[in-house]
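The values are calculated or read from the model by the stated rules, or taken from the named source; none is laboratory data. Just so we're clear, the structure is a prediction, and the values are computed from it rather than from any experiment. We place every Cβ from the backbone using ideal geometry, glycine too, and count neighbours over all the protein chains shown. Heavy atoms of the whole protein, side chains included, go into the accessibility calculation; ligands, DNA and RNA do not. Shrake-Rupley method; radii C 1.70, N 1.55, O 1.52, S 1.80 Å.
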Amino acid sequence: MAFSRILFNSLVVIGFTIIISSCKGKDKEKTIDAYPEYKIIATEGDDNLAVIAQLKPGDEFGDAISLTPPSAFLLDGELLVADTAKFGGFFYELYKPIDKFSGKHTLTYRSEDGTVSNEEFLFEPLTLTTVLPETFSRKDMELELTGALNKEVIRIVMVDTSFGSEGLNYTDTVQNGKLLITAWKLGNLVDGPVQLELMREYERPLEHNGYWGGKMTVDYTIRREFTLKSD
């Protein structure tokens with residue numbers, strides 16, 4: 001009987017120790033109910049770009065959450081303004097002149113409890129320096145870009161006016177500041193007007209926000225039009 005009582009008491013002590021250790025471990029973990037996401041959207045030729053921020057639910061599902069003051073999003077100390085969309089929930093935005101936005105910037109999320117997280121980023125516009133002729137023959141098309149990193153991935157979209165044409169929609173890497181669209185690729189297009197889009201679609205996880213989750217995306221679009229013809 002004495003041995004059974006000792007064994008029982010030992011098991012109780014072990015059980016409480018496990019529970020306490022588990023609770024302490026959970027205290028050390030940071031429970032995240034929501035995290036920030038940022039998007040920069042710009043198109044060459046537009047006056048302004050859009051800086052958009054959302055507070056996403058921690059389970060990554062559902063619409064973005066409305067901020068409760070004093071919680072806020074800021075760009076270089078300037079407050080982003082609240083808005084809502086039919087799909088996607090609440091978002092906060094700010095418009096800035098593209099031609100003055102090059103360089104380093106800081107996006108800040110201030111949570112309801114006063115915690116502040118900063119995310120720095122570098123914005124560099126993408127420029128197509130190649131001047132496309134109004135009419136382009138079916139040959140290799142070499143496009144020179146400035147502001148693009150070597151090996152950077154660019155999405156290339158080409159759409160013609162034919163109902164049955166598949167057009168082009170693929171990604172390729174910049175090699176020494178240039179993109180090459182082969183004559184073979186142009187074979188997917190019919191003769192006539194063509195709309196060309198070059199899109200930088202850059203995405204990375206947040207680095208300094210102290211949260212599990214969150215990302216920053218930068219979408220920069222260049223558009224051109226030309227007429228494609230067979231020799």
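Some observations on this one:
- The residues listed here are Arg224, Arg204, Arg155, Arg200; of these, the one that is in contact (Cβ under 8 Å) with a residue 40 or more places away in the chain, open to solvent by less than 50 Å² (accessible area, probe 1.4 Å), within 26 Å of Val51 (Cβ to Cβ) and among the charged types (D, E, K, R) is Arg200.
- Tallying residues that are out of contact with any strand residue (DSSP E or B) (no Cβ under 8 Å at 6 or more places or on another chain) and surrounded by 15 or more Cβ atoms within 10 Å (Cβ to Cβ) within segment 124-152 yields 1.
- Filter pass, Val116 being of a type in the set (A, V, I, L, M), open to solvent by 40 Å² or more (accessible area, probe 1.4 Å), modelled with pLDDT under 95 and closer than 30 Å to Phe73 by Cα: yes
- Test: Lys96 is over 17 Å from the mean Cα position of the chain (by Cα), modelled with pLDDT of 50 or more and assigned to a strand (DSSP E or B): yes
- Close pairs (7 angstrom Cβ cut-off, 6 or more residues apart or separate chains): touching a residue at least 60 places away in the same chain (Cβ under 8 Å) in segment 124-152, of a type in the set (Gly, Ala, Ser) and assigned to a loop (DSSP other than H, G, I, E, B) anywhere: Pro125/Ser102; Pro125/Gly147; Leu126/Gly147; Leu126/Ala148; Thr127/Gly147; Arg138/Ser230
Yes/no per residue for (1) open to solvent by less than 30 Å² (accessible area, probe 1.4 Å); (2) of a type in the set (Asp, Glu); (3) modelled with pLDDT of 95 or more:
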residue: Asn169; (1), (2), (3): no, no, yes
residue: Asp172; (1), (2), (3): no, yes, yes
residue: Leu180; (1), (2), (3): no, no, yes
residue: Leu189; (1), (2), (3): yes, no, no
residue: Tyr211; (1), (2), (3): no, no, no
residue: Gly214; (1), (2), (3): yes, no, no
residue: Val218; (1), (2), (3): yes, no, no
